[in-house]
Amino acid sequence: MIAFKKGIFLLITIIVLSAFFACNEKKESNVVYKKPAPEKIDATFDWIKDDSHFVSPNYQTVLYNYYNQKLQQKNYILAAKTLEAAAWNTANYTSFDKRLFQTITTFTEKYKDEVPESNMLFANMYFGDYYTDKGNLKKAIQYYTKNTQIEVVDYKTCYTKADSYRTIAWCNHLLGNLNEALKDELKSLEYFKKTDNIGATAGVYVGLAEVYQSSKEYDKAEDFLNKAIKTYSKDRKKNLGSIFICLFNKINLYDRSMDYSKRNPLIDSVYVAFKKSKLNEPSIKVSVNIYYSTLKLDEDKLAEAKVVLDDLKPNVLFLNSTIIDQEYRVALAALESKQNKGIKDPKPILKSIKELKANQNFTRVRDLYAVLYNDAINRKDYESSMLYKDSMYEATDSLGSKEMANIVAQLDKKYQTKVKEQQIALQKKTILNKNTTIALLIFGLIGFILLSVALTLIRKQKILKREKQNTQLYTKQLLEKTEEERKRIASDLHDSVSHELLSLKNSFEQKSEITDKKIDTIINDIRIISRNLHPIMFDKIGLKTSIEQLVERAQSVNNFMVTAEIDYNNSLQTSDELQVYRIIQETLSNIIKHANAVAAKITITETSELLNIEIKDNGTGFNVAEKLSGNSAFGLHNIIERARAINGESKIVSDKNGTIITIEIKKSK
């Protein structure tokens, strides 16, 4: 009872919201063709055209008497309009009979040249609708396609072209060509929006919802159904039947998405609302009541389900529709399965399945297999139930592709005998095992190749890294040995040669000013050479003081200004500090000799991980790449290699405003 109340509330909410949106919706601004006023011919024609009279017992008699009368009068245009009115009503009620089919066929063959082409467009639509109902969807598409080739010149041609695309979309949907169905629906919408027929536009929204439902995009499907209801509600009184169709489609959507918490209350509320509406539309009644009977079966209320289905029988017979007849047959079979623990005669269902497969209507094939599956479960025939379940899934898969028709045909043969089914299953398993084995071998081979390549690359990287480390170590050892040798030579020059020259100077008995000056000059030169070879007291006074002395000498000897900002806390080894000193010494030497600079600045800063050195000048600059590739860049290469030897990286930037050399040295951990 609670579910029923929720359903009623949901239905009322939908209709109220739809009415609200309808009141606030602006009219389409791109309308080109407006629907002409209804053509008033005579009372009998108007009665035939009114679709509410289609269910009258004397409709057929009035129709054919009037039609034959117009033929006798040779009023072929009005005869064509009479058949067109009957064709539209037939399509609306999904009620097709052979007499009207034959009448339209005969008229088309004899009199189509007697009437304008626009008055014969209905024939292609009718034949397409007829073959759609009979399940021959490919033939139906051929007729609909003829009307997509017409030139749009007025409301009727625009509407006909749009409606043709819409029906082609429905056929493609049933065939499982969902992409084509979506394209056709959008083409239909393009033409319908050029008219002021909001009901037709809403019909396209319903079609789009069905396509998205089949694609299992249920949220999009529900959005389009809500949009259709909102559009129909702009003229609720006129479109009440269409609103019920949308609600039925919503029930179907919740059924397909297995959202039974929404489906069951909506079935209840729509069933009650339809009864209260007093709508006399058999096709809608059949669709709504069949779902209601299904709900009663789920609730094990078999007596109520039987009453509903018995009440539908006259409507099913009246409509004479293949599709509706199949739906009714499925509902009866489900009831029989519950009542008698087995369908009395499954042959009609199997026959329908065969016909539907031939026409690639896999949607209904799936539904019929579902009935047989449930029946087999109820009878505890589990072997048959598995066969039906497999067939049901195969039909579901076939919805997405035309090519699945051949697979479905093979499945028919597969299920003819149990032995053949086992053979095919074994073959499939064998093929799957072989494919799995092949795939594993291929993936294994690919994996082995990739692993081999990866190991080779890792090995090469290790070798390159080792070679780089060895080269760096060799360079560092070479520089250290060179410094040791320079230190020895400097010491010899300072301690031995300078001392001997000083003794020689003091031993002269006759001293002259010229002799003293020459000896002093030689001693000073030797001291400079010694200092350049190895900074005096470097090991004792450290890097910072040595650089400050170097800067002071550079300024006193040369007409050149050098400043130094040094923030250093003796974090490097003495051998590495000496290389830093040599780098700065080499850089200052290059600036003095080649840069034409008047000033330079040395900056040393450090962090917990790095020592940063920057030396910049205001000289004329040079092309770094060109210089390094030339034969006169020994000084620059000396700087780069010394930095690399102590785990540092050098960067040289130079332009017309000067040169900046930066060195970043990673501290040892």
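For the reader, a short list of remarks on this structure follows.
- Above-threshold pairs, the threshold being 21 Å between Cα atoms, out of Lys216/Lys250; Lys34/Lys146; Lys540/Lys616: Lys34/Lys146; Lys540/Lys616
- Over region 568-669: Rg over Rh, Cα atoms, Kirkwood Rh: 0.97
- Applying the Karplus relation 6.51 cos²θ - 1.76 cosθ + 1.60 with θ = phi - 60° to region 184-200 yields 3J(HN,Hα) values of 5, 4, 5, 5, 4, 4, 4, 7, 4, 6, 7, 10, 9, 8, 5, x, 5 Hz, where x marks Gly and Pro.
- Spread of Cα-to-Cα distances over 10 Å intervals beginning at zero, given as percent, for region 41-122: 17, 57, 25, 1
- Based on the Stokes-Einstein relation at 10 °C and a viscosity of 1.306 mPa s, and on the Kirkwood radius from alpha carbon pairs, region 623-669 is assigned a translational diffusion coefficient of 137 µm²/s.
- Point-charge dipole on Cβ atoms (K/R +1, D/E -1) for region 295-369, about Cα centre, debye to 20: 360
- With contacts taken as Cα pairs under 8 Å and at least 6 residues apart, region 162-244 reaches a relative contact order of 23 percent.
- Phi-derived couplings, Karplus 6.51 cos²θ - 1.76 cosθ + 1.60 at θ = phi - 60°, listed residue by residue for region 222-234: 5, 4, 5, 5, 5, 5, 5, 4, 4, 5, 4, 6, 4 Hz, with x used for Gly and Pro.
- For region 249-267 versus region 306-381, the spacing of their alpha-carbon centroids is 20 Å.
- Computing Rg and the Kirkwood Rh from the Cα coordinates of region 572-628 gives a ratio, Rg/Rh, of 1.03.
- Region 263-315, dipole about Cα centre (Lys/Arg Cβ +1, Asp/Glu Cβ -1), debye to the nearest 20: 220
- Rounded D (µm²/s) - region 104-216, Kirkwood Rh over Cα pairs, Stokes-Einstein at 4 °C, 1.567 mPa s: 90
- One Cα centroid belongs to region 168-242, the other to region 577-644; the line between them spans 77 Å.
- Assuming charge only on the beta carbon of Lys and Arg (+1) and of Asp and Glu (-1), the dipole of region 106-219 about its Cα centre is about 200 debye to the nearest 20.
- Within-15-Å neighbourhood charge of Ala303 [Cβ basis; K, R +1; D, E -1]: -3
- Across the cross-link table entries Lys187/Lys227; Lys230/Lys301; Lys344/Lys389, which are compared at the Cα atoms, the separations over 25 Å belong to Lys230/Lys301.
- Solution diffusion estimate, µm²/s, Stokes-Einstein, region 244-338, Kirkwood Rh from C-alpha pairs, 4 °C, viscosity 1.567 mPa s: 97
Where a number appears in this text, it was derived from the coordinates with a stated rule and is not lab data. Remember, it's a predicted structure, so these values are computed and weren't measured experimentally. Note that we place each Cβ from the backbone using ideal geometry, even for glycine, and neighbour counts take in every protein chain shown.
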